[in-house]
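Quick notes on the structure that follows.
Coordinate-derived values only; no laboratory data. Bear in mind that the values here come from a model prediction, so they are computed numbers and not experimental data. Cβ: placed from backbone, ideal geometry, glycine included. Neighbour counts: every protein chain shown.
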Amino acid sequence: MIKGKTKSGFSYEINQKMLKDWEVVTLLDNLNRNKISMQELNALFTLLISEEGFDELKAHVRETNEGIVDVNAMVAELKDILSNDKLKN
């Protein structure tokens, strides 16, 4: 299990086996080529940090006054998660 914490304080866990999952690798390739849809981004989050973790992340970045899950904040969190040195190996 790969554990980490984003700069904003969100704690996450990623099952290391997911880094060898065909769907994850395909989605990461799409992300790297800037050819990823919102549906695919949602799937990537879910596959990496689980559905529960994805819901927790959305709650973490949700703007409490307006209830908006800011897309820029979610992208920043994903970049932060993917920058974990343990994921690069």
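Give me the residue from segment 51-73 that is without any contact (Cβ under 8 Å) to a residue 12 or more places away in the chain and among the aliphatic types (A, V, I, L, M) and, out of that set, surrounded by the most Cβ atoms within 10 Å (Cβ to Cβ).
V69
Within segment 1-46, which residues are touching a Gly at 6+ places or on another chain (Cβ under 9 Å), of a type outside the set (A, V, I, L, M, F, W, C) and in contact (Cβ under 8 Å) with a residue 60 or more places away in the chain?
Y12, the sole residue that qualifies.
Rundown of residues vs (1) within 12 Å of T6 (Cβ to Cβ); (2) among the acidic types (D, E), yes/no style:
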| residue | (1), (2) |
| --- | --- |
| I49 | yes, no |
| E52 | no, yes |
| L57 | yes, no |
| H60 | yes, no |
| E63 | no, yes |
| M74 | yes, no |
| L78 | yes, no |
| I81 | yes, no |
| K86 | no, no |
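Hey, among L28, L48, which residue is in contact with a strand residue (DSSP E or B) (Cβ under 6 Å, 6 or more places away or on another chain) and surrounded by 13 or more Cβ atoms within 10 Å (Cβ to Cβ)?
L48
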